[in-house]
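This report refers to the structure that appears directly beneath it.
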Amino acid sequence: MDTITHQQNNTAELKKSKSRKHINHFTDVHGLPSIEKLVSSVEDTPEPISTNITGRIPEWIDGSFLRNGPGKFEIGNHKFNHWFDGMALLHQFKISNGQVTYKSRFLSSDSYQANKEHNRIAVCEFGTITMPDPCKNFFQRFLSRFELPKPTDNANVSFVTYKGDYYVSTETNVMHKVDPETLETTKKVDWSKFIAVNGATAHPHTEPDGTTYNMGNSYTSKGAYYNIIRVPSTKKTAEETLEGVTVLCSIPSVDKTKPSYYHSFAMSENYVVFIEQPIKMDLLKIVTGKLRGKSISDGFFWDPKLNTIFHLIHKQTGKLSSIKYFAQPLSTFHQINAYEEDGFLILDMCASDDGQAIANYNVQNLRKSGEALDEVYNTLCRVFPRRFVLPLNVDNDTPYNQNLNGPNSTATSVRISKNKVFCTHEDLHREDLHQYGGLEFPQINYGKYNTRPYRYFYGCGFRHLVGDTLIKMDLQGKHMKVWEQPGLYPSEPVFVPAPNATEEDDGVVLSVVITPNKDKSTFLLVLDAKTFEELGRAAVPVNIPYGFHGTFNATA
């Protein structure tokens, strides 16, 4: 009997090692602590509660730090599969006169209401497919498998502004207008009612005058298109939402039925830069997913045989540049900044050389411990800040096969054919960033320095599946300042400028810090942006899951 068991074990091990061969290991880290509490469901706190302040919160900070992210990971007996699927929970840290109050509210989306009403997952999310309603008869259940998944309105990614109003957004065609004071949902807004797009990113870019740019896909009989969208800066009436929005430019996907996935895009003073990366969406798989019992995420794949393409669209004319800029296959979720200087477009982003990370963020993976958790982390490619330098004035006289970039950057660009320039990047970091696991969730002094030359950016270091340090990068010399405390997991750092600031880093950095091994010990951290020293913290007496993105709404 023992021999048979031994043989079975050997066969199982052999199968495991065979399947493992296809998985790249990028690091060899052991002994990661469990972070399952970061993805535990919580109740919301709709009435403001006071926080316990240690240190000092500068009195000049006056406004609300708004955050968004998943807050409920199961409905009844049903569990969501992916971190991106949890029900949106909106958070507000109201800061005034050195004091902080906290409140949170679940987004009253159709998805949330339907789930609550049926006490089960009733709407498909990115990584979770709904089971047919047990109350329907067999024939109805069979037919329901042929329905297209209705796009979710569970807007759990970020807070964004259009025409001065606050919205919460994910990547589908539905956003919710939200009152930043009460966190109540005031209006559901559907992009597709205004323009022919099937969604928009949760990372629009806003000009100083309030004009906002975004991107959204459209699926037509001729194939998939990427659309650059422009939303006017002001409202004509109080009730207005996206009226006046226009599609500035439509770019056909290279592969008609397999467009690239993008989470965001870059913008300089005169250009929108769309990065067509080798993370692909198989539309046929997505459309037939319900029939096959597979979620939307099953239709995503990484194709390392494809290069990355940078498309430049002129913001004033909507004209797509005939010059295409190519780079090695890379994966990028968040750009840092972009600006034009001396005939070049400088494009800074957080990027990695492998695009399979989305699949790793299943809730089951985030809840693993021991060696299983280490294995998930070690198969994730690290993300680092990189700079590409794109020459804007490529014409008939531009030479071939030589570096067109000046001596100011080690990034290269080489004209390889009439309308093709091949680019390599410069690292925006030194060797010391490797020990912090790379950098993601980048933020800058956006109001003053977006689309302009800048010196500093802030982000999270990733020595775990989520951020576990805060990093300030100085591009002059690529020096870093780091805030870290063992067992603490800070989220995206948001810069708030000081009144009458004269320098780029005059201000504070805000981050919500979570302590998974202690109950009810989450706090709002306030760092001096210049020194990166801690000024104070406001401890919240309730549990908060790890969230995605936030913004600061200054009191007018």
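Some notes on this structure:
- Restricting 369, 413 to those that are buried (at least 20 other Cβ atoms within 10 Å of the Cβ), of a type in the set (Ser, Thr, Tyr) and either in contact with a Cys (Cβ under 9 Å, 6 or more places away or on another chain) or touching a residue at least 12 places away in the same chain (Cβ under 8 Å) (or both) reduces the list to 413.
- Hey, residue 346 part of a strand (DSSP E or B), open to solvent by 30 Å² or more (accessible area, probe 1.4 Å) and among the β-branched types (Val, Ile, Thr) or not: no
- Evaluated against (1) of a type in the set (S, T, N, Q); (2) more than 24 Å from the chain's Cα centre (by Cα); (3) modelled with pLDDT of 95 or more; (4) more than 23 Å from residue 427 (Cα to Cα), residue 476 falls short on exactly one condition, (4).
- Test result for residue 119, in contact with a strand residue (DSSP E or B) (Cβ under 8 Å, 6 or more places away or on another chain), surrounded by fewer than 21 Cβ atoms within 10 Å (Cβ to Cβ) and farther than 30 Å from residue 535 by Cα: yes
- Test: residue in region 129-148 that is of a type outside the set (Ser, Thr, Tyr), at pLDDT 95 or above and surrounded by fewer than 21 Cβ atoms within 10 Å (Cβ to Cβ): no
- When residue 257 is tested against (1) over 30 Å from residue 393 (Cβ atoms); (2) under 22 Å from the mean Cα position of the chain (by Cα), just one condition goes unmet, and that condition is (2).
- Selection of first residues in region 524-544 that are closer than 17 Å to residue 473 by Cβ and of second residues that are surrounded by fewer than 24 Cβ atoms within 10 Å (Cβ to Cβ) and of a type in the set (Gly, Ala, Ser), restricted to Cβ pairs under 9 Å at least 6 apart or on distinct chains, gives the following pairs, ordered by first then second residue: 528/507; 529/498; 529/507; 530/507.
- Output for region 402-426, where each listed residue is among the hydrophobic types (A, V, I, L, M, F, W, C), part of a loop (DSSP other than H, G, I, E, B) and closer than 16 Å to residue 308 by Cβ: 411
- Residue among 467, 459, 536 that is part of a loop (DSSP other than H, G, I, E, B) and either open to solvent by less than 10 Å² (accessible area, probe 1.4 Å) or modelled with pLDDT of 95 or more (or both): 467
- When region 349-362 is filtered for residues that are open to solvent by 30 Å² or more (accessible area, probe 1.4 Å) and touching a strand residue (DSSP E or B) at 6+ places or on another chain (Cβ under 6 Å), the ones remaining, listed by number, are 356, 362.
- Strands (runs of 3 or more DSSP E) contained entirely in region 37-107, each with at least 1 residues that are of a type in the set (Lys, Arg): 63-72, 87-96, 99-106
- Close pairs (9 angstrom Cβ cut-off, 6 or more residues apart or separate chains): more than 15 Å from residue 480 (Cα to Cα) in region 442-456, open to solvent by 20 Å² or more (accessible area, probe 1.4 Å) and of a type in the set (Gly, Ala, Ser) anywhere: 445/501; 448/501
- In the set (1) in contact (Cβ under 8 Å) with a residue 40 or more places away in the chain; (2) open to solvent by 30 Å² or more (accessible area, probe 1.4 Å), the condition left unmet by residue 431 is number (1).
- If you go through region 196-234 and keep only what is open to solvent by 10 Å² or more (accessible area, probe 1.4 Å) and closer than 21 Å to residue 110 by Cβ, you end up with just 198.
- When the criteria are applied in full, residue 192 fails the requirement of being out of contact with any Pro (no Cβ under 8 Å at 6 or more places or on another chain), open to solvent by less than 30 Å² (accessible area, probe 1.4 Å), among the small types (Gly, Ala, Ser) and more than 22 Å from residue 442 (Cα to Cα).
- The residue pairs whose first member lies in region 323-343 and is of a type outside the set (A, V, I, L, M), whose second member is modelled with pLDDT under 95, and whose beta carbons are closer than 6 Å, counting only pairs six or more residues apart or on different chains, are 331/355.
- Leading residue by the ranking (nearest to the chain's Cα centre (by Cα)) among those in region 108-127 that are outside any strand (DSSP E or B) and of a type in the set (D, E, K, R): 110
- Whichever residue in region 277-307 is of a type outside the set (Asp, Glu), out of contact with any Phe, Trp or Tyr (no Cβ under 8 Å at 6 or more places or on another chain) and at pLDDT 95 or above and, among such residues, is least open to solvent (accessible area, probe 1.4 Å): 302
- Selection from region 488-523 of residues that are closer than 19 Å to residue 55 by Cβ, in contact (Cβ under 8 Å) with a residue 60 or more places away in the chain and open to solvent by 20 Å² or more (accessible area, probe 1.4 Å): 498
- Cross-chain or 6+ apart pairs with Cβ under 6 Å, region 287-300 first and within 20 Å of residue 122 (Cβ to Cβ), then open to solvent by 50 Å² or more (accessible area, probe 1.4 Å) and outside any helix (DSSP H, G or I): 290/145; 291/145
- Yes/no for residue 442 being part of a loop (DSSP other than H, G, I, E, B) and open to solvent by 10 Å² or more (accessible area, probe 1.4 Å): no
- Checked against (1) within 16 Å of the chain's Cα centre (by Cα); (2) free of Cβ contacts under 8 Å to residues at least 60 places away in the same chain; (3) open to solvent by 20 Å² or more (accessible area, probe 1.4 Å), residue 395 meets all criteria but (1).
Here is a yes/no grid of residues against (1) in contact with a helix residue (DSSP H, G or I) (Cβ under 9 Å, 6 or more places away or on another chain); (2) not hydrophobic (A, V, I, L, M, F, W, C):
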| site | (1), (2) |
| --- | --- |
| 422 | no, no |
| 427 | yes, yes |
| 442 | no, yes |
| 447 | no, yes |
| 451 | no, yes |
| 456 | yes, yes |
| 459 | no, yes |
| 472 | no, yes |
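- Residue ID - farthest from residue 357 (Cα to Cα), chosen from residues in region 70-114 that are acidic (Asp, Glu) and open to solvent by 50 Å² or more (accessible area, probe 1.4 Å): 110
The values are calculated or read from the model by the stated rules, or taken from the named source; none is laboratory data. Just so we're clear, the structure is a prediction, and the values are computed from it rather than from any experiment. Methodologically, a virtual Cβ is constructed for each residue, glycine included, from the backbone with ideal geometry; neighbour enumeration extends over all protein chains shown. With ligands, DNA and RNA removed, areas are computed over all heavy atoms of the protein, side chains included. Shrake-Rupley method; radii C 1.70, N 1.55, O 1.52, S 1.80 Å.
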